[in-house]
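Asks: Can you keep this structure in mind? I'll have questions shortly.
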Amino acid sequence: DSFTMKHISKDDIVTIPEGVTVDIKSRQITVTGPRGTLKRDLRHIQMDIQRPSKTEIRVIVWQGGRKHVACIRTVCSHIRNLITGVTKGFEYKMRFVYAHFPISANIDNKGSETIVEIRNFLGEKVVRKVLMHPGVDVIQSTNVKDELVLTGNDIDSVSQSAASIQQITRVRNKDIRKFLDGVYVSSKDTIVKDN
């Protein structure tokens with residue numbers, strides 16, 4: 001068994017902004033802010049999550065190898081994304097790209113569910129339907145042609161909904177260097193813009 005170097009302890013600190021409360025209970029994190037509440041379960045990653053002060057969260061790994069130490073940054077990023085979500089929210093913009101057949105989209109709000117319907121992709125008659133994740137709002141831009149705007153507090157839900165739309169318009173059995181049609185993410189930003 002080859003000797004691998006272990007670090008006695010490694011840590012990183014996340015600062016909590018004003019107006020945000022973070023509740024940590026056995027690696028289950030609940031973040032509440034002006035835009036709402038988000039929860040995240042991090043029990044699959046073994047590490048210490050401490051509160052040295054009101055405005056700080058400290059993530060510590062004891063006796064961790066290289067891969068385990070790498071999880072520190074991951075957990076900190078997750079917590080920062082939760083904080084950004086409840087303070088600023090996330091906004092993904094998507095553009096329709098087509099060479100010949102104009103792609104058209106229709107947004108269908110059925111009660112609590114939002115479905116995006118994509119028609120006339122490569123001139124196909126089939127209607128592609130994508131169910132948005134809970135908490136994700138979709139609108140079609142009024143000032144920009146052929147653009148969808150996805151907004152929400154949870155980065156996972158917003159980005160996965162955008163990815164689902166992009167994936168459903170994959171070009172099959174053609175040269176994808178030539179057939180560039182599809183719906184692609186064009187920008188990622190927060191709903192509340194930084195001045």
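Asks: Filter the range 96-117 down to the residues that are open to solvent by 20 Å² or more (accessible area, probe 1.4 Å), touching a Gly at 6+ places or on another chain (Cβ under 9 Å) and under 20 Å from Ser164 (Cα atoms) and list them by number.
Replies: Selection gives Val97, Tyr98.
Asks: For the range 1-56, enumerate the residues that are in contact (Cβ under 8 Å) with a residue 24 or more places away in the chain, open to solvent by 90 Å² or more (accessible area, probe 1.4 Å) and not in a loop (DSSP other than H, G, I, E, B).
Replies: Ile8, Thr15, Arg51
Asks: Kindly list, by first and then second residue, each pair from a residue in the range 87-107 that is touching a residue at least 40 places away in the same chain (Cβ under 8 Å) and outside any strand (DSSP E or B) to a residue that is β-branched (Val, Ile, Thr) and buried (at least 19 other Cβ atoms within 10 Å of the Cβ), limited to pairs with Cβ atoms under 7 Å and residues at least 6 apart or on different chains.
Replies: Pairs found: Ile103/Ile118; Ile103/Val183.
Asks: Have a look at Ile107, Ile118, Ile83, Ile49 and point out the one that is aliphatic (A, V, I, L, M) and modelled with pLDDT under 95.
Replies: The match here is Ile49.
Asks: Among the numbered conditions (1) surrounded by fewer than 12 Cβ atoms within 10 Å (Cβ to Cβ); (2) closer than 30 Å to Ile16 by Cβ, tell me where Lys93 comes up short.
Replies: The number of the failed condition is (1).
Asks: What are the residues in the range 57-80 that are open to solvent by less than 70 Å² (accessible area, probe 1.4 Å), more than 18 Å from Ile155 (Cβ to Cβ) and free of Cβ contacts under 8 Å to residues at least 12 places away in the same chain, if any?
Replies: The answer is Ala70, and nothing else.
Asks: Hey, among the residues in the range 172-195 that are of a type in the set (A, V, I, L, M) and in contact (Cβ under 8 Å) with a residue 40 or more places away in the chain, which one's surrounded by the most Cβ atoms within 10 Å (Cβ to Cβ)?
Replies: Filtering the range 172-195 for residues that are of a type in the set (A, V, I, L, M) and in contact (Cβ under 8 Å) with a residue 40 or more places away in the chain, the one surrounded by the most Cβ atoms within 10 Å (Cβ to Cβ) comes out as Val183.
Asks: Please work out if Asp154 is touching a strand residue (DSSP E or B) at 6+ places or on another chain (Cβ under 9 Å), open to solvent by less than 70 Å² (accessible area, probe 1.4 Å) and of a type in the set (Asp, Glu).
Replies: Considered against the rule, which asks whether it is touching a strand residue (DSSP E or B) at 6+ places or on another chain (Cβ under 9 Å), open to solvent by less than 70 Å² (accessible area, probe 1.4 Å) and of a type in the set (Asp, Glu), Asp154 comes out as yes.
Asks: Here's something else I'd like to know. Looking only at the range 118-134, how many residues end up being open to solvent by 20 Å² or more (accessible area, probe 1.4 Å), part of a strand (DSSP E or B) and without any contact (Cβ under 8 Å) to a residue 40 or more places away in the chain?
Replies: Summing the residues that are open to solvent by 20 Å² or more (accessible area, probe 1.4 Å), part of a strand (DSSP E or B) and without any contact (Cβ under 8 Å) to a residue 40 or more places away in the chain in the range 118-134 gives 3.
Asks: Now a separate question. Is there any pair with a first residue in the range 135-146 that is in a loop (DSSP other than H, G, I, E, B) and a second that is open to solvent by 40 Å² or more (accessible area, probe 1.4 Å) whose Cβ atoms are under 7 Å apart and which are 6 or more apart or on different chains, and what are they?
Replies: Final answer for the pair search is Gly135/Asp154; Asp146/Arg95.
Asks: Let me ask something additional. Checking the condition free of Cβ contacts under 8 Å to residues at least 40 places away in the same chain, of a type outside the set (Lys, Arg), open to solvent by 40 Å² or more (accessible area, probe 1.4 Å) and part of a helix (DSSP H, G or I), which residue from Gln166, Gln160 passes?
Replies: Of the residues listed, the single one that is free of Cβ contacts under 8 Å to residues at least 40 places away in the same chain, of a type outside the set (Lys, Arg), open to solvent by 40 Å² or more (accessible area, probe 1.4 Å) and part of a helix (DSSP H, G or I) is Gln160.
Asks: Another question, if that's okay. Condition test on Lys193, is it more than 30 Å from Arg43 (Cα to Cα), modelled with pLDDT of 95 or more and assigned to a loop (DSSP other than H, G, I, E, B)?
Replies: So Lys193 does not fit the description; no.
The values are calculated or read from the model by the stated rules, or taken from the named source; none is laboratory data. The shown structure was predicted, so the numbers you read here are calculated from the model rather than taken from an experiment. Ideal geometry is used to build each Cβ from the backbone, glycine not excepted, and the neighbour counts take in all protein chains shown. The protein model used for the area step is the full one, side chains on, heavy atoms only, and it has no ligands, DNA or RNA in it. Shrake-Rupley method; radii C 1.70, N 1.55, O 1.52, S 1.80 Å.
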